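What follows is a set of notes on a single structure, which appears directly below.
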Amino acid sequence: MTITRDRPEPSPMSSFAARLFSRPWIWSYLAAVAVWFATATFTGGKGSADVLTVALTFSSFFVIVGIGQMFVITSGPGNIDLSIPANIALSGALAMILMDGSNAMIPVGVAAAVGCGLLIGVFNYVLIRLLAIPPIIATLSASFIVQSIAIAYGRGLKIKPPPAFAEFTTGRISGVPILAILAVLLAVAMGFVLHRTLYGRAVTAIGQNQRAAGLAGISVDRTRVATYVLCAGLAGLCGSLLAGFSGGASLNMGEEYLLASIAVVVIGGSSVAGGSSNVPGIWGAALFMYLLVTMLNTFGVGAGIRLVATGLIIITVITLAGGKKTGRG
Amino acid sequence: MSALLSPRMLRAALPPLALLVLLVAIWIQQPRAISYTGFNLMLNLALPIALATIAQLFIITVNDLDLSIGAFVSFCACVGATWLAEAPLLGVATLIACVAVYAGLGALIHLRNLPSIVVTLGMSFVWLGLSVLLLPTPGGSAPEWLVSIVKFRMPLIPFAILMSIVLALVVHLGLMRSALGAVMRGAGGNPQAIARAGWSLLRIKMGMYALAGLFGVLSGLTLVGMTTSGDANIALRYTLLSIAGVILGGGEFVGGRVSPVGAVIGAMVLALAGSLLSFLRISPDWQIGAQGAILILVLALRSLLNRAEARAA
Amino acid sequence: MAEHPVIVRLSGVERSFGAVRALAGVDLEVRAGECLGLVGHNGAGKSTLMQILAGTLSPGGGTLVVHGREAGAGYSVLEARRHGIRCVFQELSLCPNLTVAENARILHPTIRGFGWRKTAAALIRGALDEIFPGHGISPFDVVGDLSISRRQMVEIARAFSVTAEPLHLVILDEPTSSLDQVVANQLTDHVRRFVGRGGSVILISHLLGEILETSDRVVVMRDGQVVDGRPAPDFTHASLVAAMGSVAREETARAADAGASARPRGEPAVGLRPSRQRDDRRLVVHPGEIVGLAGLAGHGQTAALLEIFRNAGGGDVRGSVAFVAGDRQTDGVFPLWSVAENVVVSSARRLSRAGVTDPGAEARLAEEWKQKVGIRAGDMADPILSLSGGNQQKVLFARALAAEADIVLMDDPMRGVDIGTKQEVYAIVKAEAEKGRSFVWYTTEFDELKNCDHTYVFRGGAIVDDIPRSDLTEERVLAASFESAEDAA
């Protein structure tokens, strides 16, 4: 799982395979496939296509928040967004309140959820800059407040999503979940942003060496604020979709997304030390995380073992990937 | 006089000041709360929070962060509500093993130079999973002796206050006033200098993590003694509360600048904030929001002081 | 002095860092009861030598004999301390979050148990009182709250404090760099007292007056070797400066084209007064000029470059700037990127459309500069770290030059670069300057100043001399860099 980007290629014969295996993201896909096979073998292949469809849907949510978190983590050691769960809870509730079950209000609701996320992102960065505090504590204190607002406005919220929105979030096109298609498109778009835009270049540059980036003429501040806002905006989007998917917003629906967002980044082969990230790995890792849970469920393993396994896998991956640089990651 | 008004002194005065402001506000709203019974009620759960905060403080001293302390305290509470009562030997052995696991984590993080955030985030799942295995549904019961210790009713001064003072003093003496404590804090301030002077950073880190584990165990046991039954989710909030408590108490994220007394006060402030809100008839929904706001307020004040200091220099 | 026992003896000690030979066979001995002054220009190898003595670096060759016994591979900081050798490093090694007394305890493991704070406080207070009477430092002050000069006083006092271990030799590396004159004199007085009691001191300083007054014997280093060593009274300020430079070089310096010394008239590109400049001397750079910044390392040259960088586009700096880092790892290279990505990073904006980069144009630009600068990389898509140090440095040059900036700032970029690469880069700089670009070039190597039209010498954060090319001699640069203590005050 180590990053083998700078390994020389052995021979032209195996060059394709070598290139493939030198990609840090390939491992997450291999793991996902292995886990899926194990599940399929156990069930004798019954329903394994369904498993995949469900996995695609749930992974989509992981992917949406994971990409945002990936940009934040990529922007350098110490950068992390802990406000994602609170953000999802508030944005989801806001979307449901605004839509109020009416199809006509769907765009307004989604836009408001994203806008709410963007605002949280701005708030996060204002705290980071003005108070000169580490991102982890800034996003943590912001999340306290956001969570409270979400509780105050979202308690006992029994608004169902508009039928069209529920259909959209749970629907399929020739068997493939719409959400998954959306998330793939998003991943492709963000991959483009990462590799082909000045902004993406700036993020990877400051993530490798913030001082050198400044001296090379990159605006560090502008890049960082954009990154926190982007991440929070995606979390807001995820909040509205999740509310639509699960038949309404609930206060704790964002809970599992804090660890999930970080886990998919780490397992997907991005460097926690920053500066190196890859979008395909997010998908692989998200599928792996979900399929792993499914596999353990199929094996009849309880929730406890599942949690322990998830935690140990993350620790194993990070230990193997090794820590580079210093600083709190 | 000028020394009293130095930014360092003002910074150190912030946590007690925040506590005072809070107490005055409570007194204005509800004078009867400032009494023996009132404090017993208000500070009911302050002690386990303070213990968890101290655990976090040890980790922050060496420039790391523990995102698993809440799950860990929950696990210890679950052990307290099950094995400790049913099979005391097994229970005690488990808790000791927990401390050893913490020391091991410290070693792993130091040797592989890993980001503590990711490792402890992973560990939070492990502890949560273990809790669920141990206690799939809330329940169990704490051993009698534990309950009677924790619920001990002192004359004159509420037990929670007395124990918090004892806790603050003990950790203050151990970390701030002992010869070894100086070295351990030094490892947060200038690790290179400590290593150059011949101390083992590995052993320091393992020691600090083990201490965090120890205080996490104490927090879990106190908690389960008060609630008498366990739950895998009982203390998940503690992760965030403990970090907030250390920072409120004047601790810095890097550089080994921490204050055990401040941290205990910080935990008190966070615990009392809820009471004030209820006296103000503000919905408990806003409780964590208020905690966040207090944290931001104190950080803002501190950053103002730091800037004033930088300008003066 | 010969009757005094030898504390340490180094013979033929060598040490290389990559291609750079920092020490090329040094012979040196320190006897009990002497203060040895050590002088030399940048990169002469002083600090490397001291680190070897202190046990923080291991020698690459030669022998190190301490108290008559050869120190093998196991020689470490702890071993050095056991032999009574202590070193005050240039960068502070105190813990800023601890008090003065606690910092003293860090160094003395035997201070422990009940009442340790009193013991540690008494120890450090005693040392401070003895060395710096009237110091005004309480043992219970937190080090982070002290001024830089007081921190340095604590550091020095701690090095002279004694508990269980013996103390024979204290190495002071630029100990007075942030001390005022009175305190610096207190230190030199103490060094004399300590030496009088039979202790030994190695004193490294850029203040030649201080060296001559304090030392019994002065050793001059140049290019990783000891080139001169005599009793202090045999040296004068002038003869020390002469010994540090090399005669042969001076002649070539004079031979270098003596013409073109008049500065161009008209609007300068840069006219900046360094923030620590007391008088109103300015750092002036005209378009097409190559301006050198000289002086000892760490005397404000990099700070001046950064000031220019920050003020780009303002009144004092007209035009765009690009920065060529000298410390590649911390200021320059993006380690995870390819050679090409590292070259084009500062030009990407110019080549982009609506925020989207243009890989084709970037590749062409990278290839163009690969040719121009002569980067020896098989493929520009190779990772930057696969290149040698010199080639990485060329990449940083290419980055700055490709950015089409009007003013190129160079922060001693030739550190550890082989001579062939250097010559190539000199030619490029000259060619680019002729096209009208300005260069501000901080260098620690005298020879490089010969490429500059004008040279500013920095000391203590300020310009102390400016020298047109026609007047440039190593002696003059050295004399300005190493002012005697009285002149500096």
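The values are calculated or read from the model by the stated rules, or taken from the named source; none is laboratory data. Not measured: the values here are computed from a predicted model. Positions of Cβ are generated from backbone atoms using ideal geometry, with glycine treated the same way; all protein chains shown enter the neighbour counts. Note: accessible area is taken over every heavy atom of the protein model, side chains too, but ligands, DNA and RNA are not part of it. Shrake-Rupley method; radii C 1.70, N 1.55, O 1.52, S 1.80 Å.
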Other-chain or far-sequence residues with amide H under 5 Å of C:Gly40's (modelled H) | C:Met221
What is the distance in Å between the Cα centres of region B:135-186 and region C:94-131?
-> 31 Å
Cleavage-rule hits (trypsin sites (Lys or Arg not before Pro)) in region C:161-234: DSSP loop, at most 10 neighbouring Cβ within 10 angstrom = C:Arg197
Give the residues of region A:93-125 whose amide nitrogen is closer than 16 Å to a point set 7 Å from the Cα of A:Lys160 in the direction of its Cβ.
-> A:96-97, A:99-104
Compute the length gained on full extension between A:Leu320 and A:Arg196: take 0.36 nm times their separation in residues and subtract their Cα-Cα distance, giving the result in nm to one decimal.
-> 41.6 nm
FRET efficiency for C:Ser138 and C:Arg349, Cβ-Cβ distance as r, R0 = 45 Å, nearest 0.05?
-> 0.25
Residue by residue, what Karplus-based ³J(HN,Hα) values in Hz, rounded to whole numbers, does region B:285-295 have, using 6.51, -1.76 and 1.60 with θ = phi - 60° and x for Gly and Pro?
-> 4, 8, 4, 5, x, 5, 4, x, 5, 4, 4
Projected onto the charge dipole of chain A (+1 at Lys/Arg Cβ, -1 at Asp/Glu Cβ, origin at the Cα centre), which of A:Ala38, A:Val63, A:Leu127 gives the Cα projection farthest towards the positive end?
-> A:Leu127
Whole Å is fine, so just give me how far the alpha carbon centre of region C:293-329 lies from that of region A:159-173.
-> 58 Å
Simple label model, 7 Å out from Cα along Cβ direction - C:Glu434 to A:Val184, nm | 5.9 nm
Kindly identify region A:61-189 as rounded, prolate or oblate by the Cα gyration tensor criterion: order the square roots of the eigenvalues as a ≥ b ≥ c, call it rounded if a/c is under 1.5, otherwise compare a/b with b/c, prolate if a/b is larger, else oblate.
-> oblate
Nearest-0.05 FRET efficiency for C:Lys118 and C:Phe17 at R0 = 45 Å, using Cβ-Cβ distance, is 0.50
Over 31 Å between C-alpha atoms is what I'm after, so list which of C:Lys46/C:Lys450; C:Lys394/C:Lys435; B:Lys205/C:Lys46 land there.
-> B:Lys205/C:Lys46
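List the longest stretch of chain C that has no exposed loop site; here a site is one of the chymotrypsin sites (Phe, Trp or Tyr not before Pro) assigned by DSSP to anything other than H, G, I, E or B, with at most 13 other Cβ within 10 Å. If you can, show how the numbers build up before the last one.
Values: sites that count: C:Phe114, C:Phe140.
The segment C:141-489 is the longest one with no such site.
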Solvent-accessible area buried by A and B, counting both chains, probe 1.4 angstrom, square angstrom | 3700 Å²
In square angstrom, what is the accessible area per residue of region B:1-128 with a 1.4 angstrom probe?
-> 38 Å²
Within chain A, which complete DSSP H helices have Cα atoms spanning at least 20 Å along the helix axis and a mean Kyte-Doolittle hydropathy of -0.5 or higher?
-> A:26-42, A:48-74, A:84-99, A:106-130, A:135-154, A:178-196, A:220-245, A:279-298, A:303-321
Cross-link partners among lysines for C:Lys118, C-alpha distance below 19 Å, same-chain residues fewer than 8 apart left out?
-> none
Would you calculate, for chain A, the mean residue ellipticity at 222 nm contributed by helices, counting each DSSP H stretch of 4 or more residues as -39,500 (n - 2.57) and dividing by all residues, to the nearest 500?
-> -23500 deg cm²/dmol
In whole angstrom, how far apart do the alpha carbon centroids of region C:344-403 and region A:106-144 sit?
-> 37 Å
B:Val254 versus A:Glu255, label points 7 Å from Cα toward the beta carbon: distance in nm?
-> 3.4 nm
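So, counting K/R as plus one and D/E as minus one, what does the shell of residues with Cβ under 13 Å around A:Arg196 add up to?
Working: positive: A:Arg201, C:Arg353; negative: C:Glu341, C:Asp358, C:Glu362.
Neighbourhood net charge equals -1.
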Long-range amide H partners of C:Arg31 with built H, under 5 Å = C:Ile7
C:Ser470-C:Arg230 pseudo-label distance in nm [points 7 Å out on the Cα-to-Cβ vector] | 3.4 nm
Filter the GluC sites (Glu not before Pro) in region C:24-105 down to the DSSP loop ones having no more than 13 other Cβ atoms within 10 Å, then list what survives.
-> C:Glu91
Between B:Asn40 and B:Leu180, the FRET efficiency computed from the C-beta separation at R0 = 51 Å comes out, to the nearest 0.05, as 0.90
Those trypsin sites (Lys or Arg not before Pro) in region C:336-393 that DSSP places in a loop and that have at most 13 other beta carbons within 10 Å = C:Arg376
Sorted by chain and number, the residues with a modelled amide H under 5 Å from that of C:Cys87, at a separation of 5 or more or across chains, are C:Ile171
